[in-house]
Amino acid sequence: MRQLTYEQALTRLTSLCSTSEYCIHDINEKLYRWGINNTDSERIIDFLLDEKYIDEARYAQAYTNDKLRFSHWGRIKIKTMLRMKHISDSDINKAFDNISEEEYVNILRDVIQAKTKSLGDAEDYTSRTKIIRFALQRGFEMGEITKFISEY
């Protein structure tokens, strides 16, 4: 890919950020791939932050909602992925505060029920282990998982 100018990169990013949420980490990766130097990258990010095209707290909220509702991820996996994108713990905690406990528990229940149906008989030790492992990989807490495993 050919190297972009400052103006081209800024135009592309304002267009992208006006249609979808991005974090500073994502923007930095794009700028690096486009061959934008560090000085121009900082200027572009400062502009995007000042004009509210990007907002880490808003990104954390959108990411958390999407991954919980559509991907059926638990808090642990969402938090890990947000940390990999260098989102602050305070922004992550604010996003988690907006998750209703009832909705979270219902999503976990749905994940466990779907896995149970796919395994058939969930009474034996091996099936229960597979269900627990699956829910853990989705990022749910062990304490929450064991509450529902005992129901099945």
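The values are calculated or read from the model by the stated rules, or taken from the named source; none is laboratory data. Everything quoted here is computed from the prediction, not taken from an experiment. Positions of Cβ are backbone-derived with ideal geometry, glycine not excepted, and every protein chain shown enters the neighbour counts.
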- request: Return the only residue of N38, N98, N93 being within 16 Å of the chain's Cα centre (by Cα), at pLDDT below 95 and not acidic (D, E).
  value: N98
task: Just give me the residues in segment 17-48 being free of Cβ contacts under 8 Å to residues at least 12 places away in the same chain and either of a type outside the set (D, E, K, R) or not in a helix (DSSP H, G or I) (or both), in sequence order.
output: T19, S20, Y32, N37, N38, T39
statement: Considering segment 49-72, residues that are among the hydroxyl-bearing types (S, T, Y) and either in contact (Cβ under 8 Å) with a residue 24 or more places away in the chain or assigned by TED's automatic domain parsing to the domain that holds T19 (or both), and then whichever is nearest to L13 (Cα to Cα), we arrive at Y53
- line: Going through segment 117-152 in order, the residues found to be farther than 20 Å from L68 by Cα, polar (S, T, N, Q) and in a helix (DSSP H, G or I) are S118, T126, S127, T129
- line: In segment 73-94, anything surrounded by 17 or more Cβ atoms within 10 Å (Cβ to Cβ) and either under 19 Å from V111 (Cα atoms) or in the same structural domain as A135 (by TED's automatic domain parsing) (or both) is listed as W73, G74, R75, K77, I78, K79
message: Taking the condition of being under 24 Å from the mean Cα position of the chain (by Cα) and among the aliphatic types (A, V, I, L, M), how many residues in segment 1-35 meet it?
response: 5
query: So which residues in segment 1-16 are part of a helix (DSSP H, G or I) and of a type in the set (S, T, Y), if there are any at all?
result: Y6, T11, T14, S15
statement: Of the candidates I132, I149, I87, the one satisfying the condition of being within 30 Å of S18 (Cα to Cα) and β-branched (V, I, T) is I87
